[in-house]
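Have a look at the structure below, then the notes.
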Amino acid sequence: MHTTYCPTDFGCFEIKGSEQGIRSVKRIEEEPPKTQAPTPDCLQACVTQLQAYFKGELQDFDLVLDWSESTEFNQSVWSILREIPYGRTTSYSAIAEQLNNPKAVRAVGLANKYNPIAIIVPCHRVIAKNGDLQGYFYGLDMKRRLLELENPMSFGRQGELF
């Protein structure tokens, strides 16, 4: 398992993976190590694509993901998340319905909570059925910033007159 770091305007992200694929992308609060080995080849595409995404230059990630240590249910939820178009949102209940299990709304929420590959598996694009922003492991401000990056017309902050 290899590890590297990707600093962005949205925080620093720790990336872990191997030749089998990306295993995790998570935002870290602490500073990355001052001395690091060069980014391993198997993680370089992830760093490049994340940086382009945060600059607003990339809408679709093209990376191999390694979900081998996850449950089948979580993998099915995360597969649906990857199909949500850039700049769009869906609800927890809509995902449960896509899974042919409309009562699984809470389980869908938990799968989002335990998504190990943030941003690339875009759980930030899932909102409440009534349109409210709900639950995001990096906080609702970060969720709003990501949605605003992707769709400033729908999620941009209203200006102040005074």
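Within the stretch 125-140, does at least one residue satisfy the condition of being part of a helix (DSSP H, G or I) and in contact with a helix residue (DSSP H, G or I) (Cβ under 8 Å, 6 or more places away or on another chain)? Step through it out loud before you land on a result.
Going through the stretch 125-140, the residues part of a helix (DSSP H, G or I) turn out to be 125, 140.
Those left that are additionally in contact with a helix residue (DSSP H, G or I) (Cβ under 8 Å, 6 or more places away or on another chain): 125.
Yes, the stretch 125-140 contains at least one residue that is part of a helix (DSSP H, G or I) and in contact with a helix residue (DSSP H, G or I) (Cβ under 8 Å, 6 or more places away or on another chain).
Look through I95, I80, I84 and report the one residue that is modelled with pLDDT of 95 or more, within 23 Å of N151 (Cβ to Cβ) and touching a Pro at 6+ places or on another chain (Cβ under 7 Å).
Of I95, I80, I84, the one residue that is modelled with pLDDT of 95 or more, within 23 Å of N151 (Cβ to Cβ) and touching a Pro at 6+ places or on another chain (Cβ under 7 Å) is I84.
What are the residues in the stretch 64-100 that are polar (S, T, N, Q), within 20 Å of N130 (Cβ to Cβ) and touching a residue at least 40 places away in the same chain (Cβ under 8 Å), if any?
Residue satisfying the conditions is T89 alone.
Condition first: crowded, with 17+ Cβ neighbours inside 10 Å and over 22 Å from Y114 (Cα atoms). Now tell me which residues in the stretch 18-39 satisfy that.
T39 - this is the single residue of the stretch 18-39 that is crowded, with 17+ Cβ neighbours inside 10 Å and over 22 Å from Y114 (Cα atoms).
Give L63, L43 a once-over and let me know the one that is more than 16 Å from Y114 (Cβ to Cβ), open to solvent by less than 20 Å² (accessible area, probe 1.4 Å) and either at pLDDT 95 or above or of a type outside the set (G, A, S) (or both).
It is L43.
For the stretch 46-69, name all the residues that are over 15 Å from R23 (Cα atoms) and over 13 Å from the mean Cα position of the chain (by Cα). So that I can check it myself, show each step before the final result.
Of the residues in the stretch 46-69, the ones over 15 Å from R23 (Cα atoms) are 48-49, 51-60.
Listed by number, the residues that qualify are T48, Q51, A52, K55, G56, E57, L58.
Which of the residues that make up the stretch 1-17 are open to solvent by less than 20 Å² (accessible area, probe 1.4 Å) and among the hydroxyl-bearing types (S, T, Y)?
Result: T4, single match.
Would it be correct to say that N130 is open to solvent by 80 Å² or more (accessible area, probe 1.4 Å) and either at pLDDT 95 or above or hydroxyl-bearing (S, T, Y) (or both)?
Numbers: open to solvent by 80 Å² or more (accessible area, probe 1.4 Å): yes; either at pLDDT 95 or above or hydroxyl-bearing (S, T, Y) (or both): no.
No; evaluated as a whole, the condition is false for this residue.
Any idea which of (1) touching a Cys at 6+ places or on another chain (Cβ under 7 Å); (2) over 22 Å from I22 (Cβ atoms) is the one S91 doesn't satisfy?
All conditions are met except number (1).
When the stretch 101-119 is examined, which residues are found to be crowded, with 24+ Cβ neighbours inside 10 Å and either in contact (Cβ under 8 Å) with a residue 60 or more places away in the chain or of a type in the set (F, W, Y) (or both)?
Within the stretch 101-119, I117 is the sole residue that qualifies.
Residue under question is K103, and the condition is that it be charged (D, E, K, R) and within 19 Å of the chain's Cα centre (by Cα); does it hold?
No.
The values are calculated or read from the model by the stated rules, or taken from the named source; none is laboratory data. Only a predicted model underlies this, so the values are computations on that prediction, with no experimental measurement involved. Neighbour counts run over all protein chains shown; Cβ positions are idealised from the backbone, glycine included. To get the accessible areas, we keep the full protein, side chains included, count just its heavy atoms, and leave off ligands, DNA and RNA. Shrake-Rupley method; radii C 1.70, N 1.55, O 1.52, S 1.80 Å.
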